[in-house]
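Asks: The structure is given below, and queries will be raised subsequently.
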Amino acid sequence: MMFQESMVLPSLYTRDDQVHIERWIEQGPAYKENGNLNDSNRVAEIALSSVQGRLPQASLVQEDGNVVIGRKHWDCPVQMRNNLFAPIHIFEINRNNAHAGLSCIEAYYVTLLPGYNIYVVTISYGSEDPEGFFDLAIGFFHVDNAEQIIAEASRVILSWWQVRYQELSCSR
């Protein structure tokens, strides 16, 4: 098991959480060809549960003027996590070229998963359209000091963008 038994933090993760996290770590980054987007989504939800209210919220203005909002919210089965996990907001991109009247925001966060001692980089969308999920864990890293966090998160994000550019021929 990858979880550090010496850490007295198993109360931060359900057994199901641990299975998803460990399988996701073993499978690597969340690319469609890896087939692990379900685990990637679950790991992102674990990492981001305390900031759900700040994640992108797509809104579609219909012809009749009604606004449709699509983001789902999930319950965190371990409430203590919401007080201990502190996702770091890195940046957002608004890709207004998705659909007419649809704001396509991508938000990037990095979160330490205590007990695993890894930082998880996540991407959050305002809708499920890009990947079939609102939130994905796109990679992780280990660091020895805080100064390395942004550099390592940038490396993960650039790798994600490179693969996405090749898959979809989308703009950088």
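Asks: Could you please let me know if H89 is at pLDDT below 95 and surrounded by 12 or more Cβ atoms within 10 Å (Cβ to Cβ)? Full working, then the answer.
Replies: Working: at pLDDT below 95: no; surrounded by 12 or more Cβ atoms within 10 Å (Cβ to Cβ): yes.
For H89, the condition - at pLDDT below 95 and surrounded by 12 or more Cβ atoms within 10 Å (Cβ to Cβ) - is not met.
Asks: Filter region 134-158 for residues that are surrounded by 21 or more Cβ atoms within 10 Å (Cβ to Cβ) and of a type in the set (F, W, Y) and give the result.
Replies: Within region 134-158, F134, F140 meet the criteria.
Asks: Go through I118, I138 for me and flag whichever is among the hydrophobic types (A, V, I, L, M, F, W, C), under 19 Å from N38 (Cα atoms) and out of contact with any Asp or Glu (no Cβ under 6 Å at 6 or more places or on another chain).
Replies: Details: I118 fails: under 19 Å from N38 (Cα atoms).
Of I118, I138, the one residue that is among the hydrophobic types (A, V, I, L, M, F, W, C), under 19 Å from N38 (Cα atoms) and out of contact with any Asp or Glu (no Cβ under 6 Å at 6 or more places or on another chain) is I138.
Asks: When only residues in region 12-51 that are at pLDDT 85 or above and among the aromatic types (F, W, Y) count, which is surrounded by the fewest Cβ atoms within 10 Å (Cβ to Cβ)?
Replies: As a first pass, look at region 12-51 and keep what is at pLDDT 85 or above: 12-27, 37-51.
This time we only want the ones that are among the aromatic types (F, W, Y), so: 13, 24.
Working: Y13: 22, W24: 25.
Top of the filtered list is Y13.
Asks: Looking at R54 and the list (1) at pLDDT below 80; (2) over 23 Å from H142 (Cα atoms); (3) surrounded by 12 or more Cβ atoms within 10 Å (Cβ to Cβ), which single condition is not satisfied?
Replies: Only one criterion in (1) at pLDDT below 80; (2) over 23 Å from H142 (Cα atoms); (3) surrounded by 12 or more Cβ atoms within 10 Å (Cβ to Cβ) is unmet by R54, namely (1).
Asks: Is it fair to say V19 is outside any helix (DSSP H, G or I), among the hydrophobic types (A, V, I, L, M, F, W, C) and free of Cβ contacts under 8 Å to residues at least 12 places away in the same chain?
Replies: Working: outside any helix (DSSP H, G or I): no; among the hydrophobic types (A, V, I, L, M, F, W, C): yes; free of Cβ contacts under 8 Å to residues at least 12 places away in the same chain: yes.
Judged against the criteria, V19 is not a match.
Asks: May I pose another question? Name the residues in region 61-71 that are under 24 Å from H89 (Cβ atoms) and either at pLDDT 85 or above or not basic (K, R) (or both), would you?
Replies: Of region 61-71, the ones under 24 Å from H89 (Cβ atoms) are 69-71.
I69, G70, listed by residue number.
Asks: Here are V143, V110: which of them is under 20 Å from I25 (Cβ atoms), assigned to a loop (DSSP other than H, G, I, E, B) and modelled with pLDDT of 90 or more? Spell out how you get there, then give the answer.
Replies: Details: V110 fails: assigned to a loop (DSSP other than H, G, I, E, B).
None of the others qualify; the one that does is V143.
The values are calculated or read from the model by the stated rules, or taken from the named source; none is laboratory data. Worth saying up front: this structure is predicted, and the values here are computed from it rather than measured. All Cβ positions, even for glycine, are placed from backbone atoms using ideal geometry, and neighbour counts span all protein chains on display.
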